[in-house]
1. Across the range 1-46, what is the total count of residues that are in contact (Cβ under 8 Å) with a residue 40 or more places away in the chain and outside any loop (DSSP other than H, G, I, E, B)?
2. Six or more apart or on different chains, Cβ under 8 Å: which pairs go from a residue in the range 47-74 that's surrounded by 10 or more Cβ atoms within 10 Å (Cβ to Cβ) and assigned to a loop (DSSP other than H, G, I, E, B) to one that's modelled with pLDDT of 80 or more and among the polar types (S, T, N, Q)? Could you list them?
3. Looking only at residues in the range 40-74 that are at pLDDT below 90 and among the aliphatic types (A, V, I, L, M), which one is farthest from Arg10 (Cα to Cα)?
Amino acid sequence: MTIPEIASRRGVSRQLVHRIARSDPNFPAPVLEPGSTRAKYPADAVEEFWRTRVTKPGRRTDLEEDPDEEAGGR
């Protein structure tokens with residue numbers, strides 16, 4: 001599977017898949033086929049990675065106090 005194929009199947013952006021592939025040591029290693037410059041990833045390994053991936057939600061900034069309001073700002 002290529003990065004665009006993974007992104008399409010998972011419903012996420014190509015940029016997110018690329019960032020995960022570069023930064024997460026548990027992401028499957030790419031396989032380069034002879035004569036090709038496009039990395040492909042084993043489909044079964046990619047599916048296993050997504051199934052077992054632990055995600056951390058981001059911080060909710062909509063619940064934070066606005067510092068300008070606390071200081072009597074505009």
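The values are calculated or read from the model by the stated rules, or taken from the named source; none is laboratory data. All values derive from a computational prediction rather than experimental measurement. Positions of Cβ are generated from backbone atoms using ideal geometry, with glycine treated the same way; all protein chains shown enter the neighbour counts.
1. At the first step, the residues of the range 1-46 found to be in contact (Cβ under 8 Å) with a residue 40 or more places away in the chain are 1, 6, 10, 41-43, 46.
So of that shortlist, the ones also outside any loop (DSSP other than H, G, I, E, B) come out as 6, 10, 43, 46.
Matching residues across the range 1-46 total 4.
2. Listed pairs, sorted by first residue: Arg53/Asn26.
3. Among those residues, the one meeting the criterion is Ala71.
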